[in-house]
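Undergrad: Below is one structure. I have some questions about it.
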Amino acid sequence: MPNWCMTSYTIVGEKSDVQKIHEAIENHPVKEGSSESWQGNILNALGVSYDALENRDMRGFLYDEDYLGDIGDGQAKLRVNFEEAWSRTEFAEVLQQVFPDISIYWVAEEPGCDIYQTNDAEGNFYPERYYVDTCIGGDYQSEYFTTEEEAYEWLSQISDCKCEADVDAFNEANEGTDEFIYVHEYEVV
């Protein structure tokens, strides 16, 4: 069984293109033997043959979508969330081939493989750059932050940790226990 990478895609483009993608998500064929939510079925509804998907990384399953509608100047946006096996799949790349004029921004999180990535360099749709998860005194907490300073400010309110060295010392002192502090930085790719 794979570790699941939670990937959120925001698709921006001509309203007609975004609506076609939204309609394919809402109403698509299902390849025999596949899950209805498999991302390959969505791409097939947009004209990509199952044979063309055979050698592509398509180990993802839709778990949520939100048509965000018209954003002005004939543009629209759609947010689609997938559970993908181990890491982000090639869904965005294949979709981009079908609709070369759309823009696709994404953020991917897979804690088991320590993957925290985004392609949204400007932070227009996914501005968070740090994810902190902790278990201190048996109390689990997690939070997202746009800057490292914000992350450590929050940590200093719930612990004695004010910097990376403090976190390292905390984790070393609590090795072998259920206590931890992890500060994950998103890689912009």
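What follows draws every value from the coordinates through simple rules; no lab data is involved. Given the structure is predicted, the values throughout are model-derived calculations rather than measurements. A quick note on method: Cβ atoms are made from the backbone with ideal geometry, for glycine too, and the neighbour counts reach across all protein chains shown.
Undergrad: Let's see if you can work this out: charge +1 on each Lys and Arg Cβ, -1 on each Asp and Glu Cβ, no other charges. What is the dipole magnitude of the chain about its Cα centre, in debye to the nearest 20?
TA: 920 debye
Undergrad: Also: Which of 141, 127, 156 sits farthest toward the positive end of the charge dipole of the range 104-180, with +1 on the Cβ of Lys and Arg and -1 on the Cβ of Asp and Glu?
TA: 127
Undergrad: Relative contact order for the chain: what is it in percent, counting Cα pairs under 8 Å that are at least 6 residues apart?
TA: Computed over the chain, the figure is 22 percent.
Undergrad: Another question, if that's okay. Under 5 Å between amide hydrogens, which residues at least 5 positions from residue 106 or on another chain qualify, with H placed 1.01 Å from N in the peptide plane?
TA: Correct list: 10, 119, 120.
Undergrad: Still on this structure, I have one more. So which residue, out of 97, 39, 19, gets the largest mean-square fluctuation from a GNM of the chain using Cα contacts under 10 Å as springs?
TA: Greatest mean-square fluctuation among the candidates belongs to 97.
Undergrad: Something else now. Once you sort the root eigenvalues of the Cα gyration tensor of the range 46-131 as a ≥ b ≥ c, which label holds: rounded (a/c under 1.5), prolate (a/b larger than b/c) or oblate (the other case)?
TA: oblate
Undergrad: Right, another one. Based on alpha-carbon atoms only, what is the radius of gyration of the range 1-88 relative to the globular estimate 2.2 N^0.38 Å?
TA: Taking the Cα Rg and dividing by 2.2 N^0.38 Å, one obtains 1.11.
Undergrad: Around residue 115, what is the net charge, scoring Lys/Arg as +1 and Asp/Glu as -1 over all other residues with Cβ under 9 Å from its Cβ?
TA: -3
Undergrad: Let me ask something else about it. Out of (1) 56, 39, 31; (2) 55, 41, 24; (3) 44, 35, 34, which label holds the value of Cα extents along the principal axes in Å that was computed here?
TA: It is the one labelled (2).
Undergrad: Grab the DSSP H runs of the chain that are 4 residues or longer, score each as -39,500 (n - 2.57), total them, divide by all residues and round the 222 nm result to the nearest 500 deg cm²/dmol.
TA: Mean residue ellipticity at 222 nm (helix-derived): -7500 deg cm²/dmol.
Undergrad: Continuing with this model, one more query. State the Cα centre-to-centre distance between the range 1-44 and the range 70-127 in whole Å.
TA: Computed from Cα coordinates, the inter-centre distance equals 12 Å.
Undergrad: Assuming 0.36 nm per residue, please report the length gained on full extension of the stretch residue 37 to residue 55 beyond their Cα-Cα distance.
TA: 4.6 nm
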